[in-house]
1. Residues A:251, A:213, A:171, A:179: which one is more than 9 Å from chain B (Cβ to nearest Cβ), part of a helix (DSSP H, G or I) and either among the charged types (D, E, K, R) or under 26 Å from residue B:96 (Cβ atoms) (or both)?
2. Considering only residues that are assigned to a helix (DSSP H, G or I) and touching a Phe, Trp or Tyr at 6+ places or on another chain (Cβ under 9 Å), which ones fall in the range B:154-179?
3. Need at least 3 residues that are in contact with a helix residue (DSSP H, G or I) (Cβ under 8 Å, 6 or more places away or on another chain) and over 28 Å from residue A:44 (Cβ atoms) per element, so show me which helices (runs of 4 or more DSSP H) inside the range B:55-132 make the cut, counting only ones lying wholly within it.
4. Scanning the range B:1-47 for residues that are part of a helix (DSSP H, G or I) and polar (S, T, N, Q), which turns out nearest to the other protein chains (Cβ to nearest Cβ)?
5. Looking at the range B:120-129, is at least one residue more than 14 Å from chain A (Cβ to nearest Cβ) and among the small types (Gly, Ala, Ser)?
6. Please enumerate the residues belonging to the range B:180-209 that are more than 30 Å from residue B:34 (Cβ to Cβ) and at the interface with another protein chain (Cβ under 8 Å from one of its Cβ atoms).
7. Of all residues in the range A:144-163, how many are in a helix (DSSP H, G or I) and either more than 15 Å from the chain's Cα centre (by Cα) or not hydroxyl-bearing (Ser, Thr, Tyr) (or both)?
8. Within the range A:170-184, which residues are farther than 18 Å from residue A:231 by Cβ and aromatic (Phe, Trp, Tyr)?
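The values are calculated or read from the model by the stated rules, or taken from the named source; none is laboratory data. Please read all numbers here as calculations on a predicted model, not as lab measurements. Every residue, glycine as well, gets a Cβ built from its backbone with ideal geometry; the counts of neighbours run over all protein chains shown.
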Amino acid sequence: MDWRGFLGIFSKHDRMHHPYIDKYSRLDSFMHRIDPRVKIISAAFIIVSVLFTKVSSPVPFILYGILLSAFIALSKIPPLFILKRSLVVVPFAIFVAFFIPFFKKGEVVWAFSLGWFHIAVTREGVITFSGIFAKSFLSTICLIVFTASTRFSVLLKAFEKLKVPNIFIMIVSFIYRYIFVIVDELMHMKQAKEARSIKGGKIFHGRALANMIGSLFVKSYERAESVYIAMCSRGFNGSIHAIHDFKLRFIDIFFSLITLVFLLMAKTAAG
Amino acid sequence: MHIPDGFLSAGTWVPGWIVSVGGLGLCIKRVSSILKDKMVPLMGVVSAFVFAAQMLNFPVIGGTSGHLLGGALAAVLLGPCAGAIVIAVVLTVQCIIFQDGGLMALGVNVFNMSFIGAFLGYYIYRFIKSVLRGNAGILAGAAIAAWLSVVAASSFCALELAVSGISPLRVALPAMAGVHALIGIGEALITCFVLSFVLKVRPDLLYNE
């Protein structure tokens, strides 16, 4: 419990408690213990290999599914949570992919006409559609399993070890440090607005919300300046040093090998 | 508009990554030569601000709601390079934490929303500001820039999907641009309101080269 909770100052949103970021990353499981560098590389390999799979037979996709299900089981993260998170691809899939079966040229499997209105579903279209759906679903699940089982700060350290430019890592780590502070500020402003404004139309409320964003920008900018001054007074000279303590263990190598074998199996199954 | 993995062909997402990494490198170089060691805290905290601002839902027609995308707004407040960095960082975090947009599609998403949003938005804004003087010019410029940057980003998205062989351009382009022409109105209004507030309170925070 943080000190504000201890003092009994509770708000609708608990201060600094926004569980949508790395909610399950503090569990202890096989997946959580794998070296984060190995996790990042494996995730990238799996996603690339899923994306490059030919959509000719469902077997490779079933193999990927088995591999990812095993990872989910090993991570102790509730499967329902992962499933819910993966629904993020659905709106885009519906908006874009839904029309593929109707536009792809090929053998017609189902047709419908009403006066001048003709509609036909082709075999090629259905295959392409299911391929895209399977690929986006599997790669999303893969990203969820790997990121949800790693703490964000550790993930950043691992990216840094993998030679992602330091300046980018530092900016992202600042987001992670200040997102909670700034979201808190926004929630408080929103709560204060809701407590005061009952009447008014959409334009009025829109304007009030926009003013909130405006004042949030000014506050954030001023906060950034005082953070910078505070950092300077502690000897900041443009680079941040952190202690890294990743060690490749036997189990990490074993994990990568198993993943690799599975990917090769899927590759041969695809032909 | 966050494209998930699986929709783009390798011929699209690989160049997307190359262009975005290269462009981001140039932007970082440019901004860090101006801001020096102040860059990291400033970009970081402002990125967190954009992240938070995107969480706020605005009432739209009917029961629906939309949120700020912020490409043009960030460019007007911080300049095109810094604006592009901020949006790119936000997109990266959204991709990694919320799976909003795929990992391999991230390059293309950064190109559409951060580069097109910030650079196109900024130069349109600057052009209108030079024609129309005063605060009216700033607000009108920002509103038009916000609308156009949303429509342009969605058109690029349609183009990339067409190149990947997902949907023909004659269907995807009108659909995407049409929907986003409506979304863009909301974006323009919010951008305009936010800027009019900042102009009243801290006009010195607006980007001036």
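1. Values: A:213 fails: more than 9 Å from chain B (Cβ to nearest Cβ); A:171 fails: more than 9 Å from chain B (Cβ to nearest Cβ); A:179 fails: more than 9 Å from chain B (Cβ to nearest Cβ).
Criteria check complete, one pass: A:251.
2. First, pick out the residues of the range B:154-179 that are assigned to a helix (DSSP H, G or I): B:154-163, B:169-179.
Those that are assigned to a helix (DSSP H, G or I) and touching a Phe, Trp or Tyr at 6+ places or on another chain (Cβ under 9 Å): B:156, B:160, B:161, B:171, B:172, B:175, B:176, B:179.
3. Details: elements: B:71-78, B:80-98, B:106-109, B:121-131.
Of the helices (runs of 4 or more DSSP H) lying wholly inside the range B:55-132, those with at least 3 residues that are in contact with a helix residue (DSSP H, G or I) (Cβ under 8 Å, 6 or more places away or on another chain) and over 28 Å from residue A:44 (Cβ atoms) span B:71-78, B:80-98, B:121-131.
4. Start the filter on the range B:1-47 by keeping residues that are part of a helix (DSSP H, G or I), which leaves B:10-47.
Right, trim to polar (S, T, N, Q) and you get B:12, B:20, B:32-33, B:47.
Details: B:12: 11, B:20: 12, B:32: 7, B:33: 12, B:47: 5 Å.
Top of the filtered list is B:47.
5. Within the range B:120-129, the first condition is being more than 14 Å from chain A (Cβ to nearest Cβ), and the residues that meet it are B:120-129.
Of the ones still in play, those that are also among the small types (Gly, Ala, Ser) are B:121.
Scanning the range B:120-129, I find at least one residue that is more than 14 Å from chain A (Cβ to nearest Cβ) and among the small types (Gly, Ala, Ser), so the answer is yes.
6. B:189
7. So in the range A:144-163, the residues in a helix (DSSP H, G or I) come out as A:144-148, A:152-161.
The next check asks that each one be either more than 15 Å from the chain's Cα centre (by Cα) or not hydroxyl-bearing (Ser, Thr, Tyr) (or both); those that pass are A:144-146, A:148, A:152, A:154-161.
Selection size over the range A:144-163: 13.
8. The one that is farther than 18 Å from residue A:231 by Cβ and aromatic (Phe, Trp, Tyr): A:180.
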